[in-house]
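Everything on this sheet refers to the single structure shown next.
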Amino acid sequence: MPNLFKEKARVLGISESFDPKKPYSYMVGVVMRKDLVFDALFVENPKIGGDDATEKIINGFYSLKRNDVSCIMIDGCILSMYNIVDLFYINRTLNIPVVCIASKEGKDLKESFIKNNQKGKLEAYEKLGPQKRISVEGYEYWIRFSGIDEFEAKHVIKSFIISGRTPEPIRVSKIIARTFMKSLKNLNSETFKRSLDDRI
């Protein structure tokens, strides 16, 4: 397993942005060193409300062709309208520690999945287990982790807290994901406008 305590250990930070009116989200992963050098990027498109977030993360990682990532840091375990990440499967498949980080405690979704007869999502959600509340640098987080213990998870988070609560790899990946989404909206808007102009 990669060494989390190396001076220039690298983390893959993953976040997403989505429009609930669209079928797919924009998932972005960035590789960042502890000295904040950003040296790799992937983009995937999980289905909103789907069950492919785990697969997309693994595919994105493999597309990077990297063997120097010490930890995967994900902006929550439940993405784009309940597309649930199986962090334990990711850890087993890639042999890399995984930490899912949230800035607040998540709602209990069991009753919602039961009510809507979503057995697959209920099983995936229950498999996640409870969140662990921790404090790092005066900030509270609710985390789940695999292939790593609480002390190591805190160390990784602390290593990337630079400006505010959000660890830098997640902050950067979120900015890029939002930019992709906004750019596509603008592109679609311009395409539609040109289409109208052509008809006039």
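Brief remarks on what is shown
- The range 81-92 - residue that is surrounded by 21 or more Cβ atoms within 10 Å (Cβ to Cβ) and outside any strand (DSSP E or B) and, of those, nearest to the chain's Cα centre (by Cα): Val85
- The residues on offer are Phe61, Phe145, Phe88, and the sole one that is among the hydrophobic types (A, V, I, L, M, F, W, C), at pLDDT 95 or above and touching a Pro at 6+ places or on another chain (Cβ under 9 Å) is Phe145.
- Of all residue pairs spaced 6 or more apart or on separate chains, those with beta-carbon atoms under 8 Å, a first member in the range 92-108 that is free of Cβ contacts under 8 Å to residues at least 60 places away in the same chain and a second member that is part of a loop (DSSP other than H, G, I, E, B) and aliphatic (A, V, I, L, M) are Val98/Ile148; Val99/Ile148; Cys100/Val85.
- Qualifying residue in the range 105-125 (condition: at pLDDT below 95, in contact with a Lys or Arg (Cβ under 6 Å, 6 or more places away or on another chain) and in a helix (DSSP H, G or I)): yes
- A residue that is over 20 Å from the mean Cα position of the chain (by Cα), of a type outside the set (Gly, Ala, Ser) and surrounded by 17 or more Cβ atoms within 10 Å (Cβ to Cβ) can be found somewhere in the range 93-114.
- Restricting the range 48-80 to residues that are in contact (Cβ under 8 Å) with a residue 60 or more places away in the chain and more than 11 Å from the chain's Cα centre (by Cα) leaves a set whose member that is surrounded by the most Cβ atoms within 10 Å (Cβ to Cβ) is Cys71.
- Check on Ser135, more than 19 Å from the chain's Cα centre (by Cα), modelled with pLDDT of 95 or more and polar (S, T, N, Q): yes
- Those residues of the range 1-29 which are within 18 Å of Ile72 (Cα to Cα), part of a loop (DSSP other than H, G, I, E, B) and not acidic (Asp, Glu), in sequence order: Met1, Pro2, Asn3, Leu4, Phe5, Lys6, Lys8, Ala9
- Single match in Lys154, Lys182, Lys174, Lys193 (criterion: at pLDDT below 95, surrounded by 11 or more Cβ atoms within 10 Å (Cβ to Cβ) and either outside any loop (DSSP other than H, G, I, E, B) or over 19 Å from the mean Cα position of the chain (by Cα) (or both)): Lys182
The values are calculated or read from the model by the stated rules, or taken from the named source; none is laboratory data. No experiment lies behind these values; they were computed from the predicted model shown. Here the Cβ is made from the backbone with ideal geometry for all residues, glycine too, and neighbour counts use every protein chain on show.
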